[in-house]
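What follows is a set of notes on a single structure, which appears directly below.
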Amino acid sequence: MKIVIFLGAPGVGKGTLAAVLAKRTGAQHVSTGAMLREAVQRKTPAGVSAKGYMDRGELVPDGVLVEMMDEFLAETPQGAMLFFDGFPRTVPQAEALDALARKFKSAVSCVICLEAAESVILDRLGGRRVCPKCGAGFHVRNVPPKQAGVCDACQSPLVIRSDDRPETIKNRLAVYAEQTAPLVAWYERQGVLKRIDASPETEIIADAVAHIVRHG
């Protein structure tokens, strides 16, 4: 299997880009959050362990996340291409992923590090609106609803998530820089990191990243 990791600060667009590229290339977009929810729903050993932490409002520890990743990779066809979004977040997690990749006769082939100015990220996150009823997402400029402030799907009033308020965004960016900067440096030393300007439109970035994924 081929493993590609997407790194970047909150709001830089790594999840959106990974999803777009997965459709283009036939790769599987691996969102840690979705994987966690699926493991809990299927009641896998890691999912059962994770649910206990989640029910108590605690963070799922690395050991459980790695066990969940082990379960997932064991069920993944050898010829698959995987786009990881949200894992790893720290150097210990990256080391664990490397060990798992070796276990399944694979390796991390490249790491796409998306970078954008804080002003760009604040604009992207600050403009997000979500529907509290059906979960639909919008952006006041990039993906506006047909009627301002109203969900297209169910006509419920849209809200701003607490995570998308300016003071919260700045705190999230500070936490990201503190926790993930060492991970970026670690992958750079491995020789697999590719830095990409995330300021342009998604399709433009996708063209550049698709070339990297295909040709290294």
Reachable lysines from Lys23, Cα under 28 Å, same-chain residues fewer than 8 places away excluded? Lys2, Lys14, Lys103, Lys105, Lys133, Lys146, Lys194
Might you report the magnitude of the Cβ-based charge dipole of the range 11-89 about its Cα centre, with Lys and Arg at +1 and Asp and Glu at -1, to the nearest 20 debye? 340
What are the residues whose amide H is under 5 Å from the amide H of Ala107, where those residues sit 5 or more places off or on another chain and H is modelled from the backbone? Ile3
Spacing of the two label points (7 Å from each Cα toward its C-beta) at Ser162 and Glu178, in nm: 1.9
Taking only the Cα atoms of the range 75-117, how large is their convex hull per residue, in Å³? 89
Enumerate the amide H contacts of Val150 below 5 Å, restricted to partners 5 or more residues apart or on another chain; note that Pro and chain-start residues carry no placed amide H. Leu158
The chain: relative contact order in percent, alpha carbon pairs under 8 Å with at least 6 residues between: 29
The size of the Cβ-based charge dipole (Lys, Arg +1; Asp, Glu -1) of the chain about the Cα centre, to the nearest 20 debye, is 420
Rounded to one decimal in nm, the spacing of the 7 Å Cα→Cβ label points at Arg89 and Lys105 is 3.4
Rounded to whole Hz and in sequence order, give me ³J(HN,Hα) for the range 58-70 from the Karplus expression 6.51 cos²θ - 1.76 cosθ + 1.60, θ = phi - 60°, writing x for Gly and Pro. 9, 5, 6, x, 4, x, 6, 4, 5, 4, 5, 5, 4
So if I take the centroid of the Cα atoms in the range 13-47 and the same for the range 110-130, what is the distance between those two points in Å? 20
Going by the alpha-carbon gyration tensor, a ≥ b ≥ c the square roots of its eigenvalues, is the range 150-190 rounded (a/c under 1.5) or, if a/c is not under 1.5, prolate (a/b greater than b/c) versus oblate? oblate
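Since every read-out is calculated from the coordinates, none of them should be taken as a lab result. For clarity, every value in this text was computed on a predicted model and none was experimentally measured. No Cβ is skipped: glycine too gets one built from the backbone with ideal geometry, and neighbour counts run over all protein chains shown.
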